[in-house]
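Encoded as structure tokens, the structure appears first; notes follow it.
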2 protein chains.
Amino acid sequence: MSNGGGAPSSTTHLLDFLEEPIPGVGTYDDFHTIDWVREKCKDRERHRKINSKKKESAWEFTKSLYDAWSGWLVVTLTGLASGALAGLIDIAADWLNDLKEGVCLSAMWFNHEQCCWTSNETTFAERDKCPQWKSWAELILGQAEGPGSYIMNYFMYIYWALSFAFLAVCLVKVFAPYACGSGIPEIKTILSGFIIRGYLGKWTLMIKTITLVLAVASGLSLGKEGPLVHVACCCGNIFSYLFPKYSKNEAKKREVLSAASAAGVSVAFGAPIGGVLFSLEEVSYYFPLKTLWRSFFAALVAAFVLRSINPFGNSRLVLFYVEYHTPWYLFELIPFILLGVFGGLWGAFFIKANIAWCRRRKSTRFGKYPVLEVIFVAAITAVVAFPNPYTRQNTSELIKELFTDCGPLESSQLCQYRSQMNGSKAFSDNPNRPAGPESTPPCGSCVPSGLFIPSMAIGAIAGRIVGIAMEQLAYYHHDWFLFKEWCEVGADCITPGLYAMVGAAACLGGVTRMTVSLVVIVFELTGGLEYIVPLMAAVMTSKWVGDAFGREGIYEAHIRLNGYPFLDAKEEFTHTTLAREVMRPRRSDPPLAVLTQDDLTVEELQATINETSYNGFPVIVSKESQRLVGLALRRDITIAIENARRKQEGIMLNSRVYFTQHAPTLPADSPRPLKLRSILDMSPFTVTDHTPMEIVVDIFRKLGLRQCLVTHNGRLLGIITKKDILRHMAQMANKDPESIMFN
Amino acid sequence: MSNGGGAPSSTTHLLDFLEEPIPGVGTYDDFHTIDWVREKCKDRERHRKINSKKKESAWEFTKSLYDAWSGWLVVTLTGLASGALAGLIDIAADWLNDLKEGVCLSAMWFNHEQCCWTSNETTFAERDKCPQWKSWAELILGQAEGPGSYIMNYFMYIYWALSFAFLAVCLVKVFAPYACGSGIPEIKTILSGFIIRGYLGKWTLMIKTITLVLAVASGLSLGKEGPLVHVACCCGNIFSYLFPKYSKNEAKKREVLSAASAAGVSVAFGAPIGGVLFSLEEVSYYFPLKTLWRSFFAALVAAFVLRSINPFGNSRLVLFYVEYHTPWYLFELIPFILLGVFGGLWGAFFIKANIAWCRRRKSTRFGKYPVLEVIFVAAITAVVAFPNPYTRQNTSELIKELFTDCGPLESSQLCQYRSQMNGSKAFSDNPNRPAGPESTPPCGSCVPSGLFIPSMAIGAIAGRIVGIAMEQLAYYHHDWFLFKEWCEVGADCITPGLYAMVGAAACLGGVTRMTVSLVVIVFELTGGLEYIVPLMAAVMTSKWVGDAFGREGIYEAHIRLNGYPFLDAKEEFTHTTLAREVMRPRRSDPPLAVLTQDDLTVEELQATINETSYNGFPVIVSKESQRLVGLALRRDITIAIENARRKQEGIMLNSRVYFTQHAPTLPADSPRPLKLRSILDMSPFTVTDHTPMEIVVDIFRKLGLRQCLVTHNGRLLGIITKKDILRHMAQMANKDPESIMFN
């Protein structure tokens, strides 16, 4: 045993210093949960080693400096790459989207707007008309007007949309199945300590980037916001391989991923602070203050790279940046809160419908044709979307127009209702269309897709309708007592764009149940503190209404659907069970598989391991006393025995295995014993059998444990794993405990 | 023992349901640390009781609704009160500050500006001259000009400053000694789980509010930002007494205090998001997501109340709100980083000087005359400050002018150097004066005082000087390669106000070592994302430079100076010691004082308690086996014995005490035994003796423990308390372990 005070003593719980470490001990299998405490200890150990060496030579000193700065380096690289990729995706999607309608003859790589901006013959009034830009009908039929050209354009639109969708889904299916969907549920699970190898790899990154462009361009009602978080996390993961500090430590790697997800939201919405809060509130599990600072840095770097690329040509980070100039009035809180109610209802409905659809996809034959599903949805969307100019454009451009305040310079069609007062009605009918059922399916289907934009679109449409209704009310009844004080005749007193924004926030809040980060993201879009109160009122109402129908957001619902082992930090454990009711073995079960510290043979040990499927085995002093010594993991034992057989002579099936410091006294003719102390965790977490489960759950959450031993008066009784806890929680909530599939 | 599954079973670790709870058990002594786990369990228990009752009657249902909403109610009330008090303090301080120079004859309660705004004879050019406003010389001597009147005004200025300072320090000394200083170190300690009764009470609130006004008005170089946090926390604490959910639970109360501190910063800087991040980064210890949301709400409410009061008459929340219109250039990062270096150096120097001064005050005779100290400093400040118009005004008004960009409408004297080109030099000399030694002492002395404003003033002055130097450089050398591209002749290309702001942030960052929250606060002051990068560069540099001289910020340094038991979540524990090296008893100590579960008499128990000073006693099965059963706290044992003697007949000195479920079999003639199971904590935290201290420290931090038992192979070895850990950490850092004074 160690003798206290010296440097190596603390590592006895991990590795015995007298022996060299066994390769592979301390790593994890795919689809297993990491042990945060162990990972953090490993990192501190590594840090101490580097620090103690750093005065030895200039080279070691440089290495220690490199190590100290690698955290900043990796988040900088991640921020740079995320910003650059986001800009690339924006530009490519824009170009492909316009390709559906026509092509720029002067320069193929220009989109519609760029094509006409470079043309000299463009006037301000007709910015989107110029001879260089040819619609497909003009190119193929040679005529720009008439029913024939309309049908030709319609056909080409559908043809391109279907091609893009087909290409996207095929690429995903063939090369990187992990590139499906938004990826946020999986990233949440990974950040909570789960391992899914390849989910953040280079293939996923490449395919996700390409197919995201194709999916957005195909006109499917989906957003690139969620997938951008996935893309940023892939960048973070890939860059972390440059630095052993991060590549070899699963806990440290997750710090980089937290920062990367902040960068992803930062470029998706142009909201660096909102991105950091999103990472803190929604995605991250372990978020020390150091990570807060680095996330902020990564988010800023990404935002500035994106702004330098300037994909929207307005030196703003997002398409839908707006500035309002009219204040809001207290009375308007009523429609805002109503929008919140709508958002909550929509969120609850969307989650239920989406989960039901995904469950059907999983359980029925229907799920076997993902390519057909996407093509079918893309075809319907394209057929329905083309005739209406609002749905023909990108969903985020639609949101932009909905948010816009109607000023004198505004060319949006949405603003014309004021001059032709009957237009108002026509408008409120039209853009309702994307709210139809066809906008629901893509989220969860097999193309990269986010639900931010579709939800925001629904909310923005609802909000704009309410806003216009209010405006008309104020216009025709400006002498009502409500409007009298603040609505002068002819003056703007209601901003329909603000209503659209509040509605978008409410719907997004209802679907994701985000709160502070959502308000901050939208606040960064508008840049005015004034509008925080309406936003907060709507988002809060939306969350409360949504929670009344089910406390899970869409991401949690998907995590549960997939059976990932995610212990939510937000959900409170309110039941009154005790540790001994949750621990294994249950009363009817066979007794707990334990190892004694010095009287097992290799054969007995292997038999114990093979007979059971447990991932860890408590080591005790003797069967009689049941006093706990430590815990040995299945994977480590298997690796250690194999390693000993290969490298140590004389290890046989009847060799004695011992976990103690000194070998037990053995008869003279017995084979060489096998010392396994180095793989023994001598500081396993223990709780007493009387500990309430609420405390146990708290310990698991805050410390990131994988398992915990249960004792009574110093005797070992059983074991509780993360899976046991999740199954217990599912059972207490009257859900199927078998749905938790992983450790 | 409980039989599993039923509602009462989980409470066995707290209270045995067969007996009624003993009054006083579960409370804490003054200057002790709370047990977060126990408090949170108590709250969940209370919540379950209310929930189970709520279907019984309409009244119970109303009660449960009230309980569910009380969290929102208390933060709303706190926000309202903080905003109102902040407005009041601003207005009163403004009026008192002007009282030093003169009085408004038409209405005594008007300050100088209001007095002249209401006058008809005021022109825009001479806004601060009007017949209603009389300086003291005019009133007393009857003449406005000449050396006599100057001396009279000078004298009255000093007279009022000294009176205010004297009144402030006397009020604090006599009525509420806790109203001293900024209070943030103490609030940090309280939020980490320490109890200081009266520190957030109504007396402290009242006296702090009044004396803060007096201190600011006396002209001392101090700010109201830190004390406003204290004032807001007092409000939070006082309002929490209206709700049993918060008043009776120390952990829940701290959630309210976290939200209150966010509200305090929100009104101090007009930065709601920055306030929340300040609370998260700097002040709070336990910050669940629910608290994040409520803090945000409290911060918003407070900001809006303050804006409605509109104390500055500009419908902004803060005095120094600015908007810049010129972008910054990459090259300017060099001066910004230099400002960061200056800020870090200043911060390190300030902390060292401030701590040295406070230590001297504590250890020498000097500390016995706090009133004299304040009067002395106030006198020097007043004497020096009066002749210079920049120092005569409030420090925050000085900062405002330093931040301001010189536009065509700007009346600030600072902007005149451009027309009389030699003015630049005169300015750079003048405002240097408040950077002299007299600005250091007030922080920590016995008037309510914050260091935000003085530090910001130093930084703003340094920044403005650098900015003006740069501007002159660009003006005279606009054909240098550096300026050539972006500095056209005659155009503004350098904003000295921006430099002042960056400098202010850098100095504040050097002193407090805040990072994200500081950047967000300053970002909210300017409202432009553009300036985040310069701010971040400066704040980061400042933190790194400061950390090179000592890793503690001013608040941590004060906490250590006062010996509070604060386990910093930011500081990493990097040593390699094991639990058994830290636990008590040490090798040379007498054995651990333990209680056996069923063979002690009341007399023996009392003797054990009286002989030792431990706050908790482990209960074991028997001395031979040393198997741990649970932990009983000294306070609870004392209360329980007293309670039993008073209420239960037949309890004598030789009564048997038992902690088991059933009474031990006793001889027929023995007195009635005393059952103490209800005060036994049956789920004490345990670690093995081999656990590295880094893990133990992590457990203490994340779970908020007060003590932890150490076992080896199931046998009890010793105990580790929070104080032991703090002493160990002090020892490892070569500091005096005896400086940790509290439990």
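Quick notes on this structure:
- All positions within the stretch A:556-571 that are hydrophobic (A, V, I, L, M, F, W, C) and farther than 22 Å from A:Ile699 by Cα: A:Ala557, A:Leu561
- Residues that are modelled with pLDDT of 85 or more, surrounded by fewer than 17 Cβ atoms within 10 Å (Cβ to Cβ) and away from chain B (no Cβ under 12 Å) do not occur anywhere in the stretch A:37-52.
- Of the helices (runs of 4 or more DSSP H) lying entirely inside the stretch A:439-546, those carrying at least 3 residues that are at pLDDT below 85 and under 17 Å from A:Trp346 (Cα atoms) are A:452-476.
- Residue that is farthest from B:Val216 (Cα to Cα), among those in the stretch B:161-174 that are over 22 Å from the mean Cα position of the chain (by Cα) and surrounded by fewer than 21 Cβ atoms within 10 Å (Cβ to Cβ): B:Val174
- Residue that is nearest to the other protein chains (Cβ to nearest Cβ), among those in the stretch B:649-676 that are out of contact with any Ser or Thr (no Cβ under 7 Å at 6 or more places or on another chain) and buried (at least 20 other Cβ atoms within 10 Å of the Cβ): B:Phe659
- Complete set of residues in the stretch B:704-741 that are within 12 Å of chain A (Cβ to nearest Cβ) and under 25 Å from the mean Cα position of the chain (by Cα): B:Gly704, B:Leu705
- Of all the listed residues (B:Ala356, B:Ala348), the sole one being without any contact (Cβ under 8 Å) to a residue 12 or more places away in the chain, more than 19 Å from B:Cys170 (Cβ to Cβ) and in a helix (DSSP H, G or I) is B:Ala356.
- Only a single criterion out of (1) away from chain B (no Cβ under 11 Å); (2) over 19 Å from B:Pro684 (Cα atoms); (3) aliphatic (A, V, I, L, M) is not satisfied by A:Leu680, namely (1).
- Taken as a whole, the structure places A:His690 among residues that are at the interface with chain B (Cβ under 8 Å from one of its Cβ atoms), touching a residue at least 60 places away in the same chain (Cβ under 8 Å) and crowded, with 19+ Cβ neighbours inside 10 Å.
- Pick from the stretch B:553-597, criterion within 11 Å of chain A (Cβ to nearest Cβ) and assigned to a helix (DSSP H, G or I), ranking: surrounded by the most Cβ atoms within 10 Å (Cβ to Cβ): B:Ala579
- Looking only at the stretch B:526-552, and only at residues there that are farther than 27 Å from B:Lys352 by Cβ and within 11 Å of another protein chain (Cβ to nearest Cβ), the one that is farthest from the chain's Cα centre (by Cα): B:Glu530
- Condition broken by B:Val169, with the remaining ones in (1) without any contact (Cβ under 8 Å) to a residue 60 or more places away in the chain; (2) under 25 Å from B:Leu214 (Cβ atoms); (3) hydrophobic (A, V, I, L, M, F, W, C); (4) out of contact with any Leu (no Cβ under 8 Å at 6 or more places or on another chain) satisfied: (1)
- If you go through the stretch B:272-294 and pick out every residue that is facing chain A (nearest Cβ under 9 Å) and either farther than 19 Å from B:Leu80 by Cα or of a type in the set (Gly, Ala, Ser) (or both), you end up with 6.
The values are calculated or read from the model by the stated rules, or taken from the named source; none is laboratory data. All values reported here derive from a predicted model rather than from experimental measurement. Ideal geometry is used to build each Cβ from the backbone, glycine not excepted, and the neighbour counts take in all protein chains shown.
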